[in-house]
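Q: Sharing a structure, written as structure tokens. Questions coming.
All of the numbers you see were taken from the coordinates with simple rules; none came from a lab. Just so it is clear, the structure is predicted and the values come from calculations on it, not from any experiment. Every residue, glycine among them, receives a Cβ derived from its backbone with ideal geometry; neighbour counts consider all protein chains shown.
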Amino acid sequence: MELPKKTALYEEHLALCGRMIEFAGYLLPVQYDGIGPIKEHEAVRESCGIFDIDHMAKVLVTGEEVLPFLQNTLSRDIKKIQPNGALYAMMLNEDGGVIDDIFVYKVNDGYMLILNADNHKKDVDWIFEQSLFYDVLIMDMSDDLYMIAVQGPKSTEILSKVMDTDDLDLGTVEFHTLSIGHIDGVEVLFAATGYTGEYGFELFFEKGKAVDIWRKILNVSKGEVTPCGLAARDSLRFEACMPLYGHELSENINPLTAGLSFSIDLGKNKFIGKEPLLKLKKDGVKQKLVGIEMVDTAVPRADYEVYADNKKIGWVTSGMKSPTLGKFLAMAIIDSEYSNIGAEVQIKVRDSFKAAKVVKKPFYTPTYRKNK
């Protein structure tokens, strides 16, 4: 049995009273004792939180045929990505199911793919398999390139304080772009992306500098930067209705069912999984991912069954009490005929049925959408 890995910040988490659990083969903090997941969640909504996300996989793809290779392997039109730009995309199987949802960054003459940690080996194997007929080079950078996230309304202000003098102006960095800056002379890629529903950045830098950079960000503005664990990361993404692989997406759940049609460019000439999705779009999606609000008091947990008209119509993919809204909410995949806003449904909680209703998603509007 393979032992879980420790990130370079493992001892830092222990020093901060991080409660460690195994996740995706790594020992990571689920929360920090003395702070707790609710306060960590609130910190990101109101100020700034910092996350160790080095469990995410990072793969660099270069070569003469990198563009046609990625066009065939990913759902988005990769030609749309400008230099130092980013796109959210799907890597699909032949049936249109999701092998993984990923971020793609255009860096220099290649592309960096950020993959879900649980899917690391599966994804890399699939990428290598699809690359056999293309002149490309696949490099797994996961053990060399470190990754942390700094998220929240004060993230730009706080990160600007730790950057080298006369360096990059983070206030000018546009959403879904990648910029280069420095912290104590260390080159850092600042990606204006995240998984919380707030403005923020994901930082990439050499692994050996992880402790120094983590400490500098935490110490630059005492009380304004809060270390955050997996529990807060999940509740933040949940409120913004961002999908979690294995819940809202899987090889058995396609992007159209999940309401992520924006992540599929069906106008491309071809890509793996395109034809089944074209057929599904033509025939009509039989089930949809919806938002659910409990009418009765109950926690709608993942995999609980959803009913209407005395029959099972679907299942909960994620659910909890929203820290920001104070409501018991869920995302669920249900039969399309019951997906209209306001539709009455029931959630089976143990041996009883609890009243609920279909509501609009997202539950919490991400800050980068509020002015659109």
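Q: Could you quote the convex hull projected area for segment 66-106, Cα atoms only and averaged over all directions, in nm²?
A: On the way: hull surface 10.6 nm².
Reported value for the Cα convex hull: 2.6 nm².
Q: Give me the net charge of Val124's neighbourhood, meaning all other residues with Cβ under 14 Å from the Cβ of Val124; Lys, Arg count +1, Asp, Glu -1.
A: On the way: positive: Lys58, Lys121, Lys122; negative: Asp100, Asp118, Asp123, Asp125, Glu129, Asp140, Asp143.
Charge balance near Val124 sits at -4.
Q: Same structure again: Please report the equivalent ellipsoid semi-axes of segment 57-131, computed as sqrt(5 x eigenvalue) of the Cα gyration tensor, largest first, in whole Å. Write out the running numbers ahead of the final one.
A: Details: eigenvalues 65, 33, 30 Å².
Ellipsoid half-lengths, sorted descending, are 18, 13, 12 Å.
Q: What full-extension length gain, to one decimal in nm, is calculated for Asp351 and Asn310 as 0.36 nm per residue of separation minus the Cα-Cα distance? Working shown, then result.
A: On the way: separation 41, 0.36 × 41 = 14.76 nm, distance 1.43 nm.
Separation in residues times 0.36 nm, less the Cα-Cα distance, equals 13.3 nm.
Q: Determine the principal axes of the Cα atoms in segment 38-87, then give the extent along each, sorted from largest to smallest and rounded to whole angstroms.
A: Projected onto the principal axes, the Cα atoms of segment 38-87 cover 47, 22, 19 Å.
Q: Also, quick follow-up: Between Phe133 and Phe23, what is the FRET efficiency for a Förster distance of 45 Å, r being their Cβ-Cβ separation, to the nearest 0.05? Please report the intermediate quantities before stating the final value.
A: Details: r = 35 Å, r/R0 = 0.78.
That pair, Phe133 with Phe23, gives E of 0.80.
Q: Taking a point 7 angstrom from the Cα of Ser336 along the C-beta vector, which residues in segment 279-317 have backbone N less than 18 Å away?
A: 279-291, 313-315
Q: What number of lysine-lysine pairs in segment 57-131 show an alpha-carbon separation below 14 angstrom, given a sequence spacing of 8 or more or placement on distinct chains? Can you show the working numbers first?
A: Values: Lys58/Lys106; Lys58/Lys121; Lys58/Lys122; Lys79/Lys106; Lys80/Lys106.
Counting lysine pairs in segment 57-131 gives 5.
Q: In what sequence do Asp123, Asp109 fall when counting other Cβ within 10 Å, fewest first?
A: Numbers: Asp123 21, Asp109 10.
The most exposed by this proxy come first: Asp109, Asp123.
Q: Okay, next question. If eta is 1.567 mPa s and T is 4 °C, what Stokes-Einstein diffusion coefficient results for segment 203-356, Kirkwood Rh from Cα pairs, in µm²/s? The partial results should precede the final answer.
A: Numbers: Rh = 18.0 Å.
Approximately 72 µm²/s, per Stokes-Einstein.
Q: Which value results when the Cα radius of gyration for segment 171-291 is divided by 2.2 N^0.38 Å? It would help to have the intermediate numbers written out before the result.
A: Details: Rg = 19.2 Å, N = 121, 2.2 N^0.38 = 13.6 Å.
Cα Rg divided by the expected 2.2 N^0.38 Å: 1.41.
Q: State the volume of the convex hull built on the alpha-carbon positions of segment 286-359, expressed per residue in Å³ and rounded to an integer. All intermediate terms of the calculation are to be shown ahead of the outcome.
A: Numbers: hull volume 5.5 nm³, N = 74.
Output value, Cα hull per residue: 75 Å³.
Q: Return the distance in nm (one decimal) between the two label points of a simple spin-label model at Asn219 and Lys321, each offset 7 Å from Cα along Cα→Cβ.
A: Rounded to a tenth, the inter-label distance reads 3.8 nm.
Q: Taking a cut-off of 39 Å, what percent of all Cα-Cα pairs in the chain are separated by more than that? Could you put the intermediate results ahead of the total?
A: Values: 11078 of 69006 pairs.
For the chain, the fraction of Cα-Cα distances above 39 Å is 16 percent.
Q: Over the alpha carbons of segment 1-102, what is the largest minus smallest coordinate on each principal axis, giving the biggest first in Å?
A: The Cα atoms of segment 1-102 stretch 50, 41, 28 Å along the principal axes, largest first.
Q: I'd like the FRET efficiency for Val211 and Asn252, computed as 1/(1 + (r/R0)^6) with the beta carbon distance as r and R0 of 35 Å, rounded to 0.05.
A: On the way: r = 40 Å, r/R0 = 1.16.
With a Förster radius of 35 Å, E is 0.30.
Q: Which distance in nm do the two modelled labels at His182 and Ser160 give, with both placed 7 Å along the Cα-to-Cβ direction?
A: 2.0 nm
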